[in-house]
Amino acid sequence: MSMNKLAGKNVVVIGGTSGIGLATALAASELGANVWAAGRSDEHVESAKRIAGGRIVVMKADTHDQESLLAVFRAAGTIDHLVSAATGGTRTLKPFLEQTEDQFKDAFGKLWGYAKVVRTGAPFVAKDGSVTLVSGAPARKIKANSSALSCVGAAVENLVRCLASEMAPIRVNVVSPGTIDTALFDWMGDQRAERVAAMVKGQLVERVGRPEEVASALIYLMQNGYATGTTVDVDGGQLLR
Ligand SMILES: NC(=O)c1ccc[n+]([C@@H]2O[C@H](COP(=O)([O-])OP(=O)(O)OC[C@H]3O[C@@H](n4cnc5c(N)ncnc54)[C@H](OP(=O)(O)O)[C@@H]3O)[C@@H](O)[C@H]2O)c1
């Protein structure tokens, strides 16, 4: 039985120029898919092009800009597997009562971006294809200072269940990463190693995760034609801590 169902398939990864999205784009390409990856900044578009070395098509698109998304989807034509791993909103880390209303609202940029990706991309997705979004452990792991991330992640996971039901036979799923070593933590600067180590302390798998480990769950959800409406956690056991 051949497990490689990605050879010759068209895979589009929005938020595919760094971290989890880029690892997914490269993994899909490795499995023989034709891959289009897109992100917002020139910096990440250029670095993704350098890393991919022509194996994938890298484009500029913003989850909040329908025209830029359409340009990517039209370039692909028919999409077998659509992924959005874009961040798309601010990551507000503060007690709820210390956040301004705008800070709380801005975190939901991720949800609105994903909604636009799905709404714009759906007409291009093959009936036997899939859509996969990325939430995050805070959706179901409640911690101090994480109300914004938690509410957005939970909304993404519920949107996925609604879409799976409404968009069938297209399959719709979500991957929930734990603490993964990506550009998301670059803002920590010199303190990065120390702060990330503190975040994963006491976890069942006591280390930071790799983007490739999350990418393998995204690839699984593309390949498994019987998986829909489901959430795959790749979080080192964070939910059981
Ligand atoms: N790393 C973690 O520990 C972790 C944990 C839980 C959940 N997640 C989720 O995993 C997803 C991927 O994050 P990552 O860790 O791989 O971060 P990353 O390395 O910063 O990658 C994020 C990607 O999304 C793109 N992007 C951001 N906003 C965008 C927008 N509005 N439109 C289009 N592209 C956009 C970025 O490109 P530009 O910067 O050029 O826009 C980049 O390609 C995110 O949804 C994040 O919330 C990550």
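So the values come out like this:
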quantity	calculated
Enumeration of residues in the range 21-57 that are among the β-branched types (Val, Ile, Thr) and either at positive phi or near the ligand (Cβ under 10 Å from one of its atoms) (or both)	24, 45
Long-range neighbours under 6 Å by Cβ, at least six apart or interchain, first residue within 24 Å of residue 143 (Cβ to Cβ) within the range 219-240, second among the hydroxyl-bearing types (Ser, Thr, Tyr) and buried (at least 17 other Cβ atoms within 10 Å of the Cβ)	231/176; 233/176
Set 172, 160: member being in contact (Cβ under 8 Å) with a residue 60 or more places away in the chain, farther than 25 Å from residue 102 by Cβ, crowded, with 16+ Cβ neighbours inside 10 Å and more than 9 Å from the ligand (Cβ to nearest atom)	160
Where residue 212 falls short, out of the listed (1) away from the ligand (no atom under 14 Å from the Cβ); (2) within 19 Å of the chain's Cα centre (by Cα)	(1)
Selected residue (only one of 165, 135, 146, 150 is farther than 21 Å from residue 236 by Cα and among the polar types (S, T, N, Q))	165
Leading residue by the ranking (nearest to residue 132 (Cα to Cα)) among those in the range 159-194 that are among the small types (Gly, Ala, Ser) and over 16 Å from the mean Cα position of the chain (by Cα)	164
Qualifying residue in the range 109-117 (condition: surrounded by 15 or more Cβ atoms within 10 Å (Cβ to Cβ) and outside any helix (DSSP H, G or I))	no
Matching residues, the range 69-86, being crowded, with 17+ Cβ neighbours inside 10 Å and either at pLDDT below 95 or part of a helix (DSSP H, G or I) (or both)	69, 72, 73, 76
Scan of the range 118-144 for residues that are outside any strand (DSSP E or B) and surrounded by fewer than 16 Cβ atoms within 10 Å (Cβ to Cβ), ordered by number	119, 123, 142, 143, 144
Tally of residues being away from the ligand (no atom under 13 Å from the Cβ) and more than 18 Å from residue 113 (Cα to Cα) across the range 75-93	6
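The values are calculated or read from the model by the stated rules, or taken from the named source; none is laboratory data. None of these values were measured; they are calculated from a predicted model. Every residue, glycine among them, receives a Cβ derived from its backbone with ideal geometry; neighbour counts consider all protein chains shown.
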